[in-house]
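Taking it in order: structure first as structure tokens, then the write-up.
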Protein chains: 6
Amino acid sequence: MSDQWLESLITVDPQTGYELAIKLSRMGVKYTQPSDDIRQRLRPVYGEDGNSLIASSHVIATHFQTVAAANNYWRD
Amino acid sequence: MSDQWLESLITVDPQTGYELAIKLSRMGVKYTQPSDDIRQRLRPVYGEDGNSLIASSHVIATHFQTVAAANNYWRD
Amino acid sequence: MSDQWLESLITVDPQTGYELAIKLSRMGVKYTQPSDDIRQRLRPVYGEDGNSLIASSHVIATHFQTVAAANNYWRD
Amino acid sequence: MSDQWLESLITVDPQTGYELAIKLSRMGVKYTQPSDDIRQRLRPVYGEDGNSLIASSHVIATHFQTVAAANNYWRD
Amino acid sequence: MSDQWLESLITVDPQTGYELAIKLSRMGVKYTQPSDDIRQRLRPVYGEDGNSLIASSHVIATHFQTVAAANNYWRD
Amino acid sequence: MSDQWLESLITVDPQTGYELAIKLSRMGVKYTQPSDDIRQRLRPVYGEDGNSLIASSHVIATHFQTVAAANNYWRD
């Protein structure tokens with residue numbers, strides 16, 4: 001995966017930071033399973049499983065900690 | 001999802017911060033499964049599964065770490 | 001849930017802080033499943049499942065990190 | 001549980017800190033399931049399940065982060 | 001495993017840091033199961049299981065926290 | 001377990017720190033299940049289960065956060 005997809009952790013506001021956390025979470029899945037076809041096939045399965053959705057939300061939460069710290073919590 | 005739903009991590013007190021952590025947790029589910037219908041259908045299933053409730057509480061705990069740090073733990 | 005249940009993260013000592021972490025964990029379950037009846041019914045199930053107990057202990061550990069940091073680890 | 005079981009997060013060295021992390025992990029289980037009988041009965045079950053042991057080790061790791069930070073990583 | 005595979009946590013930019021987090025995640029699997037044959041055999045199984053992919057993404061997120069902090073979030 | 005097995009979190013370089021994180025992860029399992037025989041018997045089971053390997057890697061990641069912070073990320 002040689003594309004440039006992550007240039008900075010700095011975002012203009014918390015919501016953009018949250019959306020970056022989502023992207024970071026998805027890229028973890030993509031690097032682990034690079035086949036678009038397989039990921040496409042799996043999505044409806046875990047998208048309709050409450051526990052998978054909660055687990056996805058946990059990964060986002062972990063990345064959001066990183067992005068929020070990077071942005072000094074958008075305090076300034 | 002172009003709505004503005006997160007303007008700041010700063011809250012007036014710890015309980016409001018905790019409730020923001022809940023919102024951040026739920027938005028992670030919503031971004032992963034945008035269909036209101038499907039989420040509506042899944043809710044009673046994981047809402048009556050002890051392990052799902054514990055997992056949900058874990059996601060909230062992770063976001064609460066972020067919100068609490070952002071607010072300097074409401075120490076001042 | 002409009003009750004005031006969380007006024008501060010500051011506690012007199014580590015053990016009180018640990019007990020606050022337990023409360024924070026339980027409130028995550030309560031906000032996700034507000035029905036007292038359903039939670040009451042689920043408790044004996046996950047209370048006798050080793051993995052659920054370990055998962056509960058993990059949520060407490062995550063909140064205890066927050067509470068301990070808020071209190072500067074009760075170092076002073 | 002009115003016993004005093006946690007007086008300080010400060011320990012003389014890293015290993016004692018690690019053992020405190022274990023205690024903190026176990027107390028999370030104990031507060032969630034206060035019955036000695038039930039916990040006694042569950043122990044051999046999860047003690048012989050590899051995934052439960054890994055999960056227990058994860059809880060210890062989370063508490064060890066807290067204890068290590070409290071002790072400034074025993075750097076001095 | 002006496003090879004030198006990790007020389008520094010410092011990377012030139014966030015994406016290289018993310019890729020280091022992936023490497024750190026994979027090495028955790030490799031140290032736990034050193035057999036190339038067994039790991040090779042397991043890969044297609046968890047690579048087609050949505051929950052395993054989410055769990056892998058969570059490990060990456062945890063390491064990315066470390067790498068990002070090491071690099072001061074590539075802020076400078 | 002009265003052996004001295006952990007003297008310091010300080011290591012000469014990141015890779016040695018990573019290997020210490022592995023040791024910390026394994027000790028969590030050992031303290032929870034002290035029987036060498038039982039642990040020996042369980043190892044091939046979770047060593048050939050992709051999800052167990054990912055979970056083990058997560059525990060290592062959590063300890064590596066601690067060790068890396070203790071060493072100031074080997075920045076100097």
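The values are calculated or read from the model by the stated rules, or taken from the named source; none is laboratory data. Just so you know, these numbers come straight off a predicted model, no measurement behind them. Virtual Cβ from ideal backbone geometry, glycine too; neighbours counted across all protein chains shown. Surface areas here come from the heavy atoms of the whole protein model, side chains and all, with no ligands, DNA or RNA. Shrake-Rupley method; radii C 1.70, N 1.55, O 1.52, S 1.80 Å.
The figure for E:THR16 is an accessible area of roughly 60 square angstrom, using a 1.4 Å probe on the protein chains alone.
Under a Cβ-Cβ cut-off of 15 Å, what is the net charge of the residues other than E:LEU24 that fall near it, where Lys and Arg count +1 and Asp and Glu count -1? With Lys, Arg at +1 and Asp, Glu at -1, the net is -2. Highest mobility in the GNM of chain F, judged by mean-square fluctuation with C-alpha springs under 10 Å and restricted to F:GLY50, F:GLY28, F:GLY17, is found for F:GLY50.
Return the carbon/sulfur percentage of the accessible area of the protein assembly as shown, one whole number, probe 1.4 Å, all protein chains in place. Taking all protein chains in place, the protein assembly as shown shows 47 percent carbon and sulfur surface. What the protein assembly as shown shows is 44 Å² of accessible area per residue, with the surface traced by a 1.4 Å probe over protein heavy atoms.
Taking every lysine pair in the protein assembly as shown that is 8 or more places apart or spans two chains, those with Cα atoms closer than 18 Å amount to 6.
Accessible surface for D:TRP5 stands near 30 Å², nearest 10, in the context of the full protein assembly shown (1.4 Å probe).
With a cut-off of 8 Å between alpha carbons and a minimum separation of six or more residues, what is the relative contact order of chain A in percent?
Values: 43 pairs, mean separation 38.0, N = 76.
Computed value for chain A: 50 percent relative contact order.
If I fit a long axis through the Cα atoms of helix F:36-47 and take the longest principal axis of the Cα atoms of chain F, what angle between them do I get, 0 to 90°, rounded to 10? Taking the Cα atoms of chain F, the angle to F:36-47 is about 80 degrees.
Once you have a ≥ b ≥ c as the square roots of the Cα gyration tensor eigenvalues for chain E, tell me rounded if a/c is under 1.5, and otherwise prolate or oblate according to whether a/b is larger than b/c. Please list the in-between numbers first.
Working: a/c = 3.12, a/b = 1.55, b/c = 2.01.
Judged from the Cα gyration tensor, chain E comes out oblate (a/c at least 1.5, b/c at or above a/b).
Distant-in-sequence amide contacts of C:ASN71, defined by a placed amide H-H separation under 5 Å and a gap of 5 or more residues or a different chain, comprise nothing. With N as its number of residues, the protein assembly as shown has a Cα radius of gyration that, divided by 2.2 N^0.38 Å, comes to 0.92. Helices in chain F, meaning DSSP H runs of at least 4 residues, each add -39500 (n - 2.57). Divided by all residues, the mean residue ellipticity at 222 nm is -23000 deg cm²/dmol. Only protein heavy atoms count here; on that basis, with a 1.4 Å probe, B:TYR73 has an accessible area of about 40 Å². Each Lys or Arg adds one and each Asp or Glu subtracts one; over the other residues with Cβ under 13 Å from the Cβ of E:SER35, this totals +2.
Lys and Arg at +1, Asp and Glu at -1: add these up for the other residues within a Cβ distance under 13 Å of F:LEU9 and post the number.
On the way: positive: D:ARG75, F:LYS23; negative: D:ASP13, D:ASP76, F:GLU7, F:GLU19.
Local net charge: -2.
Partner shielding of E:36-43 amounts to 3, given as the average count of beta-carbon atoms from other chains within 10 Å of each residue beta-carbon. Taken one residue at a time, the phi angles of region D:12-23 give Karplus couplings (6.51, -1.76, 1.60, θ = phi - 60°) of 5, 7, x, 5, 4, x, 5, 5, 5, 4, 5, 4 Hz. Gly and Pro are set to x. Per-residue accessible area (protein heavy atoms, 1.4 Å probe) orders C:HIS63, A:HIS58 as A:HIS58, C:HIS63, starting from the largest. Angle of helix D:50-70 to the longest C-alpha principal axis of chain D, folded into 0 to 90 degrees and rounded to 10: 30°.
The other copies place their B:ARG75 label points at 1.0, 1.0, 1.7, 1.7, 2.0 nm from this one, listed shortest first, where each point is 7 Å from Cα along Cα→Cβ.
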